[in-house]
Amino acid sequence: MQHIHFTSPAFTFRDRGKSTIAVGQEIRNALSKALWTVLKDAYKEGERRRLARAKADRDEEKVERSSEMTVKDSVFAVLQEVWALATSDGTLPVSSRTLYYAVRKPIQRFTSKELDFNYFSQTLLTEWKEGHGCRASTSIPAVFCTNLTAARRSR
């Protein structure tokens with residue numbers, strides 16, 4: 001907090017402790033004009049810096065968004081590996097919810113977006129299964145997809 005000291009032959013005080021004074025409109029206007037004259041350049045420089053910083057932040061976010069993978073691509077990039085870990089290479093059953101929980105963390109290295117379970121289970125998992133020769137209408141069997149097991153072994 002800044003304090004301004006000025007003198008007058010007769011102040012009107014607002015309290016008995018004489019810590020605040022009642023300033024008339026004429027003094028207020030003169031004080032405002034004097035302060036603005038002194039601080040105008042600093043204010044404008046601060047505004048210019050604030051706007052430049054906001055623009056730089058927006059530009060940085062735009063670059064991050066453009067270089068970031070989509071959720072779909074992120075899921076597809078890690079799904080084979082996560083499925084293998086979750087099922088011990090196809091020997092254990094896995095539910096779509098368990099697979100969803102296993103996929104959430106690894107995709108964060110590709111995208112900052114959150115993965116929604118419904119989108120994962122109803123759209124992405126269905127699309128993945130169709131792309132790997134599984135019927136979309138079947139629930140995840142004891143082994144997620146037999147073609148995934150075959151694809152894993154053929155590596």
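The values are calculated or read from the model by the stated rules, or taken from the named source; none is laboratory data. What you see is a predicted model, and the numbers here were worked out from it, not measured in a lab. All Cβ positions, glycine included, derive from the backbone under ideal geometry; neighbour counts span all protein chains shown.
The table that follows gives values for the structure above.
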{"quantity": "Evaluation of residue 56 against (1) surrounded by 10 or more Cβ atoms within 10 Å (Cβ to Cβ); (2) in contact with a strand residue (DSSP E or B) (Cβ under 6 Å, 6 or more places away or on another chain) (one fails), failing number", "calculated": "(2)"}
{"quantity": "Subset tally (residues that are more than 22 Å from the chain's Cα centre (by Cα) and of a type in the set (S, T, N, Q)) for the stretch 46-95", "calculated": "5"}
{"quantity": "Flag for residue 69 being assigned to a loop (DSSP other than H, G, I, E, B) and either within 30 Å of residue 130 (Cα to Cα) or modelled with pLDDT of 85 or more (or both)", "calculated": "yes"}
{"quantity": "Some residue of the stretch 77-88 being surrounded by fewer than 13 Cβ atoms within 10 Å (Cβ to Cβ), in the same structural domain as residue 125 (by TED's automatic domain parsing) and either assigned to a loop (DSSP other than H, G, I, E, B) or in contact (Cβ under 8 Å) with a residue 60 or more places away in the chain (or both)", "calculated": "yes"}
{"quantity": "Qualifying residue in the stretch 100-112 (condition: among the basic types (Lys, Arg) and farther than 30 Å from residue 131 by Cα)", "calculated": "no"}
{"quantity": "In the stretch 106-150, the residues that are in a helix (DSSP H, G or I), at pLDDT below 85 and touching a helix residue (DSSP H, G or I) at 6+ places or on another chain (Cβ under 7 Å)", "calculated": "128, 148"}
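Let's see how each residue does on (1) modelled with pLDDT under 80; (2) not assigned by TED's automatic domain parsing to the domain that holds residue 116:
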site	(1), (2)
34	no, yes
43	no, yes
63	yes, yes
104	no, no
